[in-house]
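Let me begin by presenting the structure, written as structure tokens, before commenting on it.
The values are calculated or read from the model by the stated rules, or taken from the named source; none is laboratory data. Remember, it's a predicted structure, so these values are computed and weren't measured experimentally. Here the Cβ is made from the backbone with ideal geometry for all residues, glycine too, and neighbour counts use every protein chain on show.
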């Protein structure tokens, strides 16, 4: 079982001091207190600008994500990755059936094809791990993201 830290939130005054400043790590602006519909630019414009930038940052981490499409079907977002020092682009997938009452592993193989099975292949140099999908009683109950194992991998 995983252990998660109990992260302390910054104080109210520390958060309030961020109003109108720019986060150095992300370049995202904190919307200042008092911005509203009559401000220039309006709150909506400032908020949506921030969302546009957040979405750009998050889009990288969305690559290769496996999602539940309902009716025991999964989809995979497109991903650009390196396989044995060769840059590849998987175009994404939709409508991929998974068996009921099972655990299904999802990966991209050396020929850039989406694969599923009861376990990942034994040789980690031969595939890009995406997810572990668990199904029961006609539903997908969990999708465990396995992309982090690749992201935090020390090649040999």
Exercise for the section: Determine which single condition residue 68 fails, assuming it passes every other condition in (1) more than 20 Å from residue 127 (Cβ to Cβ); (2) at pLDDT below 95; (3) surrounded by 15 or more Cβ atoms within 10 Å (Cβ to Cβ). Expected result: (2)
Completion exercise
In the range 18-68, anything more than 20 Å from the chain's Cα centre (by Cα), within 30 Å of residue 79 (Cβ to Cβ) and in a loop (DSSP other than H, G, I, E, B) is listed as 23, 24, 27
Exercise for the section: Please enumerate the residues belonging to the range 104-124 that are touching a strand residue (DSSP E or B) at 6+ places or on another chain (Cβ under 9 Å) and either not assigned by TED's automatic domain parsing to the domain that holds residue 73 or not in a strand (DSSP E or B) (or both). Expected result: 110, 112, 113, 118, 119, 120, 121
Exercise for the section: Scan the range 13-33 and give yes if some residue there is without any contact (Cβ under 8 Å) to a residue 24 or more places away in the chain and in contact with a helix residue (DSSP H, G or I) (Cβ under 6 Å, 6 or more places away or on another chain), otherwise no. Expected result: yes
